[in-house]
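The values are calculated or read from the model by the stated rules, or taken from the named source; none is laboratory data. These figures come from a predicted structure and were not determined experimentally. Backbone-built Cβ (ideal geometry, glycine too); neighbour counts: all protein chains shown. These accessible areas exclude ligands, DNA and RNA; they are computed on the full protein's heavy atoms, side chains included. Shrake-Rupley method; radii C 1.70, N 1.55, O 1.52, S 1.80 Å.
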Amino acid sequence: MSLRSLSKNLLLRVLVAIVLGIVCGMFFPEGVARVFLTFNGIFSQFLGFLIPVLIVALVTPAIADLGRGAGKWLAVTAGIAYGSTVFAGLLAFLVAKASYPWLLGDRGSVGSLENPEDHALSGFFEITMPPVFDVMTALVLSFCLGVGITMIKGNSLHKGFDELRIIIMMIVEKVIIPLLPIYIFGMFMSITMNGQITTIISTFFRIVILAFIMTVVILIIQYLVAGIVAKRNPFVLLKNMLPAYATALGTSSSAATIPVTLKCAARNGVDDRVAGFTIPLCATIHLSGSTMKIVLFSLAIMTITGMPINSWQYVGFIFLLGITMVAAPGVPGGAIMAAVGILQSVLGFDETAVGLMIATYIAIDSFGTACNVTGDGAIATIMDRILKNRRHDLKAPEDSPVSA
(Lines give C-alpha, C1' and ligand atoms only; values in the text may rest on other atoms or scores of the structure.)
Protein backbone atom coordinates (compact mmCIF):
# COMPACT_ATOMS: atom_id res chain seq x y z
CA MET A 1 0.00 0.00 0.00
CA SER A 2 1.36 3.44 -0.93
CA LEU A 3 1.91 6.12 1.70
CA ARG A 4 -0.84 8.19 0.12
CA SER A 5 -3.44 5.42 0.23
CA LEU A 6 -2.27 4.44 3.75
CA SER A 7 -2.73 8.04 4.88
CA LYS A 8 -6.23 8.38 3.45
CA ASN A 9 -7.28 4.97 4.71
CA LEU A 10 -5.90 5.58 8.21
CA LEU A 11 -7.49 9.01 8.52
CA LEU A 12 -10.87 7.66 7.47
CA ARG A 13 -10.63 4.71 9.86
CA VAL A 14 -9.58 6.94 12.76
CA LEU A 15 -12.48 9.32 12.18
CA VAL A 16 -14.91 6.40 11.92
CA ALA A 17 -13.43 4.89 15.09
CA ILE A 18 -13.94 8.14 17.01
CA VAL A 19 -17.56 8.47 15.90
CA LEU A 20 -18.38 4.80 16.54
CA GLY A 21 -16.62 4.91 19.91
CA ILE A 22 -18.78 7.83 21.02
CA VAL A 23 -22.00 6.27 19.74
CA CYS A 24 -21.32 2.77 21.07
CA GLY A 25 -20.23 4.14 24.44
CA MET A 26 -23.80 5.33 24.95
CA PHE A 27 -25.42 1.89 24.83
CA PHE A 28 -22.81 -0.91 24.84
CA PRO A 29 -23.48 -3.58 27.50
CA GLU A 30 -20.79 -4.28 30.05
CA GLY A 31 -19.73 -7.61 28.53
CA VAL A 32 -19.07 -6.13 25.08
CA ALA A 33 -17.28 -3.11 26.52
CA ARG A 34 -14.95 -5.38 28.48
CA VAL A 35 -13.82 -7.04 25.23
CA PHE A 36 -12.48 -3.74 23.97
CA LEU A 37 -11.02 -2.87 27.36
CA THR A 38 -9.13 -6.15 27.25
CA PHE A 39 -7.77 -5.34 23.80
CA ASN A 40 -6.79 -1.81 24.85
CA GLY A 41 -4.93 -3.15 27.87
CA ILE A 42 -2.92 -5.60 25.74
CA PHE A 43 -2.26 -3.04 22.98
CA SER A 44 -1.15 -0.43 25.52
CA GLN A 45 1.27 -2.91 27.10
CA PHE A 46 2.73 -3.82 23.70
CA LEU A 47 3.07 -0.16 22.78
CA GLY A 48 4.89 0.54 26.03
CA PHE A 49 7.22 -2.40 25.35
CA LEU A 50 7.91 -1.30 21.77
CA ILE A 51 8.57 2.43 22.29
CA PRO A 52 12.09 2.19 23.81
CA VAL A 53 13.10 -0.32 21.12
CA LEU A 54 11.61 1.96 18.47
CA ILE A 55 13.68 4.88 19.74
CA VAL A 56 16.93 2.89 19.60
CA ALA A 57 16.09 1.43 16.18
CA LEU A 58 15.22 4.78 14.61
CA VAL A 59 17.33 7.38 16.41
CA THR A 60 20.63 5.46 16.25
CA PRO A 61 20.83 5.10 12.45
CA ALA A 62 19.38 8.60 12.02
CA ILE A 63 22.24 10.09 14.05
CA ALA A 64 24.72 7.84 12.23
CA ASP A 65 23.36 9.13 8.90
CA LEU A 66 23.82 12.71 10.05
CA GLY A 67 27.55 12.05 10.45
CA ARG A 68 28.01 11.27 6.79
CA GLY A 69 27.43 13.02 3.49
CA ALA A 70 28.19 16.72 3.28
CA GLY A 71 30.21 17.06 6.49
CA LYS A 72 29.98 20.41 8.22
CA TRP A 73 27.20 21.66 5.94
CA LEU A 74 25.07 18.74 6.97
CA ALA A 75 25.65 19.80 10.58
CA VAL A 76 24.69 23.40 9.74
CA THR A 77 21.49 22.25 8.02
CA ALA A 78 20.66 19.94 10.92
CA GLY A 79 21.27 22.78 13.37
CA ILE A 80 18.94 25.13 11.48
CA ALA A 81 16.26 22.43 11.21
CA TYR A 82 16.50 21.60 14.90
CA GLY A 83 16.37 25.29 15.81
CA SER A 84 13.26 25.75 13.66
CA THR A 85 11.58 22.72 15.23
CA VAL A 86 12.34 23.83 18.78
CA PHE A 87 11.27 27.41 17.99
CA ALA A 88 7.89 26.14 16.75
CA GLY A 89 7.46 24.15 19.96
CA LEU A 90 8.43 27.09 22.19
CA LEU A 91 6.16 29.46 20.28
CA ALA A 92 3.25 27.02 20.63
CA PHE A 93 4.03 26.72 24.35
CA LEU A 94 3.95 30.51 24.84
CA VAL A 95 0.73 30.87 22.82
CA ALA A 96 -0.91 28.05 24.79
CA LYS A 97 0.16 29.50 28.14
CA ALA A 98 -1.26 32.89 27.14
CA SER A 99 -4.50 31.70 25.51
CA TYR A 100 -5.60 28.54 27.32
CA PRO A 101 -6.77 30.28 30.52
CA TRP A 102 -9.51 32.02 28.53
CA LEU A 103 -9.74 29.63 25.57
CA LEU A 104 -10.35 26.62 27.81
CA GLY A 105 -11.48 28.44 30.93
CA ASP A 106 -15.18 27.79 30.43
CA ARG A 107 -14.72 24.21 29.23
CA GLY A 108 -14.74 22.83 32.73
CA SER A 109 -12.35 20.19 33.93
CA VAL A 110 -12.69 16.46 33.49
CA GLY A 111 -10.24 15.76 36.29
CA SER A 112 -8.23 12.67 35.53
CA LEU A 113 -9.16 10.95 32.28
CA GLU A 114 -10.66 7.97 34.04
CA ASN A 115 -10.80 4.66 32.25
CA PRO A 116 -13.62 2.21 33.09
CA GLU A 117 -10.91 -0.46 33.16
CA ASP A 118 -9.71 1.12 36.40
CA HIS A 119 -13.13 1.59 37.97
CA ALA A 120 -16.54 0.08 37.19
CA LEU A 121 -15.27 -2.09 34.33
CA SER A 122 -12.10 -4.02 33.67
CA GLY A 123 -10.73 -6.26 30.97
CA PHE A 124 -11.24 -10.00 31.14
CA PHE A 125 -7.51 -10.53 31.66
CA GLU A 126 -4.20 -8.65 31.57
CA ILE A 127 -0.85 -9.39 29.94
CA THR A 128 2.16 -7.53 31.33
CA MET A 129 4.95 -6.65 28.87
CA PRO A 130 7.70 -4.75 30.72
CA PRO A 131 10.01 -2.83 28.34
CA VAL A 132 13.63 -3.92 27.99
CA PHE A 133 14.73 -0.48 29.26
CA ASP A 134 13.10 2.90 29.89
CA VAL A 135 12.79 5.76 27.42
CA MET A 136 15.64 7.89 28.78
CA THR A 137 17.99 4.91 28.67
CA ALA A 138 16.93 4.34 25.06
CA LEU A 139 17.66 7.97 24.14
CA VAL A 140 21.09 8.02 25.79
CA LEU A 141 21.99 4.65 24.28
CA SER A 142 20.89 5.86 20.84
CA PHE A 143 23.02 9.01 21.06
CA CYS A 144 26.08 7.07 22.21
CA LEU A 145 25.75 4.41 19.53
CA GLY A 146 24.82 6.87 16.76
CA VAL A 147 27.76 9.19 17.45
CA GLY A 148 30.06 6.20 17.90
CA ILE A 149 29.11 4.77 14.51
CA THR A 150 30.12 8.04 12.82
CA MET A 151 33.58 7.81 14.41
CA ILE A 152 34.55 4.31 13.29
CA LYS A 153 35.60 3.14 9.83
CA GLY A 154 33.54 -0.02 9.65
CA ASN A 155 29.89 0.00 8.65
CA SER A 156 28.69 -3.40 9.90
CA LEU A 157 27.02 -1.91 12.99
CA HIS A 158 25.44 0.83 10.89
CA LYS A 159 24.00 -1.75 8.51
CA GLY A 160 22.75 -3.77 11.47
CA PHE A 161 20.82 -0.80 12.87
CA ASP A 162 19.51 -0.01 9.39
CA GLU A 163 18.07 -3.54 9.27
CA LEU A 164 16.67 -3.16 12.80
CA ARG A 165 15.03 0.08 11.65
CA ILE A 166 13.41 -1.79 8.76
CA ILE A 167 12.06 -4.45 11.14
CA ILE A 168 10.61 -1.87 13.54
CA MET A 169 9.10 0.06 10.63
CA MET A 170 7.41 -3.15 9.47
CA ILE A 171 5.94 -3.64 12.96
CA VAL A 172 4.70 -0.04 13.01
CA GLU A 173 3.19 -0.24 9.51
CA LYS A 174 1.74 -3.76 9.69
CA VAL A 175 0.76 -4.06 13.37
CA ILE A 176 0.57 -0.71 15.23
CA ILE A 177 -1.01 1.46 12.53
CA PRO A 178 -3.70 -1.10 11.48
CA LEU A 179 -4.72 -1.70 15.11
CA LEU A 180 -4.77 1.97 16.12
CA PRO A 181 -8.41 2.55 15.05
CA ILE A 182 -9.57 -0.29 17.34
CA TYR A 183 -7.55 1.17 20.21
CA ILE A 184 -8.96 4.65 19.54
CA PHE A 185 -12.49 3.21 19.34
CA GLY A 186 -12.07 1.64 22.77
CA MET A 187 -10.59 4.85 24.18
CA PHE A 188 -13.49 7.04 23.04
CA MET A 189 -15.98 4.41 24.14
CA SER A 190 -14.40 4.55 27.61
CA ILE A 191 -14.49 8.35 27.73
CA THR A 192 -18.13 8.38 26.64
CA MET A 193 -19.09 5.83 29.29
CA ASN A 194 -17.49 8.12 31.89
CA GLY A 195 -19.54 11.12 30.70
CA GLN A 196 -16.43 13.13 29.69
CA ILE A 197 -16.89 13.20 25.91
CA THR A 198 -18.70 16.57 25.66
CA THR A 199 -15.90 18.46 27.35
CA ILE A 200 -13.25 16.62 25.30
CA ILE A 201 -14.86 17.36 21.92
CA SER A 202 -15.62 21.02 22.63
CA THR A 203 -12.08 21.53 23.93
CA PHE A 204 -10.26 19.93 21.03
CA PHE A 205 -12.35 21.70 18.40
CA ARG A 206 -10.94 24.97 19.71
CA ILE A 207 -7.40 23.60 19.74
CA VAL A 208 -7.70 22.41 16.14
CA ILE A 209 -8.62 25.94 15.04
CA LEU A 210 -5.68 27.34 17.01
CA ALA A 211 -3.35 24.77 15.40
CA PHE A 212 -4.41 25.90 11.91
CA ILE A 213 -3.70 29.53 12.82
CA MET A 214 -0.34 28.59 14.31
CA THR A 215 0.61 26.74 11.10
CA VAL A 216 0.19 29.96 9.10
CA VAL A 217 2.10 32.00 11.70
CA ILE A 218 5.04 29.57 11.77
CA LEU A 219 5.34 29.46 7.98
CA ILE A 220 5.25 33.25 7.72
CA ILE A 221 8.01 33.55 10.34
CA GLN A 222 10.13 30.90 8.59
CA TYR A 223 9.87 32.65 5.24
CA LEU A 224 10.44 36.08 6.72
CA VAL A 225 13.77 34.76 8.03
CA ALA A 226 14.52 33.06 4.71
CA GLY A 227 13.63 36.24 2.82
CA ILE A 228 15.93 38.36 5.00
CA VAL A 229 18.84 35.94 4.62
CA ALA A 230 18.38 35.44 0.88
CA LYS A 231 17.32 39.07 0.25
CA ARG A 232 14.16 37.88 -1.50
CA ASN A 233 10.45 38.62 -1.12
CA PRO A 234 9.34 36.13 1.56
CA PHE A 235 5.76 35.97 0.33
CA VAL A 236 6.87 35.13 -3.22
CA LEU A 237 9.06 32.38 -1.79
CA LEU A 238 6.13 31.04 0.23
CA LYS A 239 3.77 31.25 -2.77
CA ASN A 240 6.16 29.15 -4.87
CA MET A 241 6.04 26.40 -2.21
CA LEU A 242 2.23 26.05 -2.24
CA PRO A 243 2.27 23.00 -4.60
CA ALA A 244 4.40 21.15 -2.03
CA TYR A 245 1.98 22.21 0.73
CA ALA A 246 -0.99 20.90 -1.25
CA THR A 247 0.78 17.63 -2.08
CA ALA A 248 1.66 17.04 1.57
CA LEU A 249 -1.99 17.58 2.52
CA GLY A 250 -2.87 14.63 0.30
CA THR A 251 -0.03 12.30 1.27
CA SER A 252 0.69 13.09 4.97
CA SER A 253 4.29 12.14 4.12
CA SER A 254 7.33 14.38 3.79
CA ALA A 255 9.15 11.63 1.89
CA ALA A 256 6.38 11.16 -0.67
CA THR A 257 6.35 14.92 -1.27
CA ILE A 258 10.13 15.26 -1.86
CA PRO A 259 9.93 15.38 -5.71
CA VAL A 260 7.39 18.22 -5.57
CA THR A 261 9.36 20.01 -2.83
CA LEU A 262 12.50 19.87 -5.01
CA LYS A 263 10.64 21.43 -7.94
CA CYS A 264 9.25 24.19 -5.72
CA ALA A 265 12.72 24.90 -4.32
CA ALA A 266 14.03 25.19 -7.88
CA ARG A 267 11.30 27.75 -8.61
CA ASN A 268 12.72 29.75 -5.70
CA GLY A 269 16.12 29.73 -7.38
CA VAL A 270 17.74 27.16 -5.08
CA ASP A 271 20.67 25.39 -6.72
CA ASP A 272 19.89 21.75 -7.61
CA ARG A 273 22.84 20.47 -5.57
CA VAL A 274 21.77 22.45 -2.51
CA ALA A 275 18.12 21.43 -2.87
CA GLY A 276 19.09 17.80 -3.46
CA PHE A 277 21.06 17.88 -0.22
CA THR A 278 18.79 19.87 2.09
CA ILE A 279 15.29 18.75 1.06
CA PRO A 280 15.72 14.98 1.71
CA LEU A 281 17.61 15.72 4.94
CA CYS A 282 14.96 18.14 6.21
CA ALA A 283 12.25 15.63 5.31
CA THR A 284 13.90 13.50 7.99
CA ILE A 285 14.71 15.97 10.75
CA HIS A 286 12.60 19.13 10.31
CA LEU A 287 9.18 18.67 11.92
CA SER A 288 8.17 22.12 13.10
CA GLY A 289 4.48 21.61 12.31
CA SER A 290 4.37 18.23 14.03
CA THR A 291 6.09 19.61 17.12
CA MET A 292 3.69 22.55 17.27
CA LYS A 293 0.67 20.23 17.20
CA ILE A 294 2.06 17.91 19.86
CA VAL A 295 2.75 20.87 22.16
CA LEU A 296 -0.73 22.40 21.70
CA PHE A 297 -2.62 19.15 22.22
CA SER A 298 -0.50 17.88 25.12
CA LEU A 299 -0.91 21.17 26.98
CA ALA A 300 -4.67 21.07 26.32
CA ILE A 301 -4.90 17.59 27.84
CA MET A 302 -2.82 18.67 30.84
CA THR A 303 -5.01 21.75 31.30
CA ILE A 304 -8.42 20.07 31.19
CA THR A 305 -7.29 17.16 33.37
CA GLY A 306 -5.68 19.37 36.00
CA MET A 307 -2.17 17.96 35.52
CA PRO A 308 0.55 20.27 36.92
CA ILE A 309 2.44 22.21 34.24
CA ASN A 310 6.00 23.02 35.22
CA SER A 311 7.25 25.53 32.66
CA TRP A 312 10.93 24.57 32.91
CA GLN A 313 10.12 20.90 32.75
CA TYR A 314 7.96 21.50 29.69
CA VAL A 315 10.70 23.52 27.97
CA GLY A 316 13.02 20.56 28.55
CA PHE A 317 10.34 18.33 27.02
CA ILE A 318 10.30 20.52 23.89
CA PHE A 319 14.08 20.25 23.46
CA LEU A 320 13.84 16.47 23.86
CA LEU A 321 10.90 16.39 21.47
CA GLY A 322 12.94 18.18 18.80
CA ILE A 323 15.54 15.41 19.00
CA THR A 324 12.97 12.63 19.14
CA MET A 325 11.29 13.92 15.97
CA VAL A 326 14.38 12.75 14.08
CA ALA A 327 13.16 9.23 14.86
CA ALA A 328 9.64 9.77 13.50
CA PRO A 329 8.70 6.72 11.38
CA GLY A 330 7.95 7.38 7.72
CA VAL A 331 4.26 6.60 8.03
CA PRO A 332 1.20 8.80 8.65
CA GLY A 333 1.08 9.58 12.36
CA GLY A 334 4.72 8.56 12.78
CA ALA A 335 5.67 11.70 14.71
CA ILE A 336 3.20 11.08 17.52
CA MET A 337 4.29 7.44 17.74
CA ALA A 338 7.90 8.56 18.23
CA ALA A 339 6.79 11.10 20.86
CA VAL A 340 4.78 8.67 23.00
CA GLY A 341 7.81 7.68 25.06
CA ILE A 342 8.68 11.16 26.31
CA LEU A 343 5.01 12.09 26.73
CA GLN A 344 4.86 9.28 29.25
CA SER A 345 8.28 9.63 30.87
CA VAL A 346 8.59 13.44 31.01
CA LEU A 347 4.99 14.67 31.21
CA GLY A 348 3.48 11.64 32.98
CA PHE A 349 0.78 10.84 30.40
CA ASP A 350 -1.19 7.68 31.08
CA GLU A 351 -2.57 5.36 28.39
CA THR A 352 -5.86 7.26 28.09
CA ALA A 353 -4.10 10.61 27.58
CA VAL A 354 -1.77 8.98 25.04
CA GLY A 355 -4.77 7.53 23.21
CA LEU A 356 -6.33 10.99 22.99
CA MET A 357 -3.05 12.43 21.69
CA ILE A 358 -2.80 9.77 18.98
CA ALA A 359 -6.42 10.20 17.89
CA THR A 360 -6.37 14.00 17.70
CA TYR A 361 -2.93 14.10 16.09
CA ILE A 362 -3.80 11.66 13.30
CA ALA A 363 -7.11 13.43 12.67
CA ILE A 364 -5.20 16.52 11.42
CA ASP A 365 -1.90 14.82 10.60
CA SER A 366 -1.69 16.14 7.04
CA PHE A 367 -1.70 19.80 8.14
CA GLY A 368 1.34 19.29 10.34
CA THR A 369 3.14 17.44 7.54
CA ALA A 370 2.29 20.24 5.10
CA CYS A 371 3.81 22.76 7.52
CA ASN A 372 6.94 20.58 7.84
CA VAL A 373 7.37 20.24 4.07
CA THR A 374 6.76 23.90 3.28
CA GLY A 375 9.24 24.91 5.97
CA ASP A 376 11.84 22.68 4.30
CA GLY A 377 11.78 25.10 1.37
CA ALA A 378 12.68 27.99 3.68
CA ILE A 379 15.69 26.08 5.02
CA ALA A 380 16.76 25.19 1.47
CA THR A 381 16.65 28.88 0.55
CA ILE A 382 18.74 29.81 3.59
CA MET A 383 21.32 27.10 2.86
CA ASP A 384 21.48 28.16 -0.80
CA ARG A 385 22.49 31.63 0.35
CA ILE A 386 25.01 30.30 2.89
CA LEU A 387 26.56 27.93 0.33
CA LYS A 388 26.54 30.44 -2.54
CA ASN A 389 30.29 30.20 -3.07
CA ARG A 390 30.92 26.81 -1.43
CA ARG A 391 28.72 24.36 -3.34
CA HIS A 392 31.73 22.29 -4.34
CA ASP A 393 31.73 20.99 -0.74
CA LEU A 394 28.49 19.11 -1.35
CA LYS A 395 28.25 15.49 -2.44
CA ALA A 396 25.65 14.01 -4.71
CA PRO A 397 22.02 14.37 -3.58
CA GLU A 398 21.48 10.62 -3.48
CA ASP A 399 23.85 10.38 -0.50
CA SER A 400 21.31 12.10 1.72
CA PRO A 401 19.01 10.08 3.99
CA VAL A 402 15.32 10.08 3.26
CA SER A 403 12.46 9.49 5.67
CA ALA A 404 9.08 10.99 6.45
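Annotation: F161 carries an accessible surface of approximately 30 Å², with a 1.4 Å probe and no ligand, DNA or RNA atoms counted. Solvent-accessible area of D272, all protein chains in place: 110 Å² (probe radius 1.4 Å, heavy atoms, ligands and nucleic acids excluded).
Loop-located trypsin sites (Lys or Arg not before Pro) across segment 207-316 with a Cβ neighbour count of 12 or fewer within 10 Å are K231, with loop assigned by DSSP.
On the accessible surface of segment 151-240, probed at 1.4 Å, how many percent belong to carbon and sulfur atoms? Spell out each step's value before the answer.
Numbers: 3260 of 4510 Å².
So the carbon and sulfur contribution to the accessible surface is 72 percent.
Accessible area of F205 (1.4 Å probe, protein heavy atoms only, ligands and nucleic acids ignored): about 140 Å². Measuring between alpha carbons in the structure, the pairs from K239/K293; K153/K388; K97/K174; K263/K388; K174/K293 lying more than 29 angstrom apart are K153/K388; K97/K174.
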